[in-house]
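Undergrad: Here you go, one structure.
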Amino acid sequence: MRSHTVIGDRIVRPLHSGASLVKVVRHHHERIDGNGYPDRLRGENIPIAARIVAVCDAHDAMVSDRPYRRRLTEQEALATLAAGAGTQWDAAVIDLFLAEMAAVATG
């Protein structure tokens, strides 16, 4: 499971059109606190695009059924993201994501 970021890096790296995505693919499972993978990057060392994708990817995973667990409700997923702000995910990205989700919910 953890190797998918490195495998994705190897797939995207030689593609001319994918060159700008290599860092996003490789680092979207890094954590702000440095406990992520594959390179254990921390804070601002994680490319901003990877920090944004990390939040979107986590949200999608939480609200989707998986073979090993049922999906969370939207409220549970948003609460989980909020709880991980500043440790797992970039707090500023979480704030923006939560604000956008609230705006969508209110129409």
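The values are calculated or read from the model by the stated rules, or taken from the named source; none is laboratory data. Remember, it's a predicted structure, so these values are computed and weren't measured experimentally. Counting neighbours? That spans all protein chains shown, and the Cβs are built from the backbone with ideal geometry, glycine included.
Undergrad: Consider V22 against the criteria (1) surrounded by fewer than 18 Cβ atoms within 10 Å (Cβ to Cβ); (2) touching a Lys or Arg at 6+ places or on another chain (Cβ under 7 Å): it satisfies all of them except one. Which criterion is unmet?
TA: The failed condition is (1).
Undergrad: Another question, if that's okay. With exposed (fewer than 13 other Cβ atoms within 10 Å of the Cβ) and free of Cβ contacts under 8 Å to residues at least 40 places away in the same chain as the only criterion, which of A105, A58 stands out?
TA: Values: A58 fails: exposed (fewer than 13 other Cβ atoms within 10 Å of the Cβ).
After ruling out the rest, the residue left standing is A105.
Undergrad: Of all helices (runs of 4 or more DSSP H) completely enclosed by the stretch 13-107, which ones contain at least 2 residues that are among the polar types (S, T, N, Q) and either over 17 Å from the mean Cα position of the chain (by Cα) or modelled with pLDDT of 95 or more (or both)? If you could, list the steps in order and put the result at the bottom.
TA: Details: elements: 22-27, 48-62, 74-83, 91-106.
Because the criterion is at least 2 residues that are among the polar types (S, T, N, Q) and either over 17 Å from the mean Cα position of the chain (by Cα) or modelled with pLDDT of 95 or more (or both), the helices (runs of 4 or more DSSP H) in the stretch 13-107 that meet it are 74-83.
Undergrad: Conditions first: (1) out of contact with any Phe, Trp or Tyr (no Cβ under 8 Å at 6 or more places or on another chain); (2) in contact (Cβ under 8 Å) with a residue 24 or more places away in the chain; (3) closer than 20 Å to Y37 by Cβ. F97 passes all but one, so which condition is the exception?
TA: The failed condition is (3).
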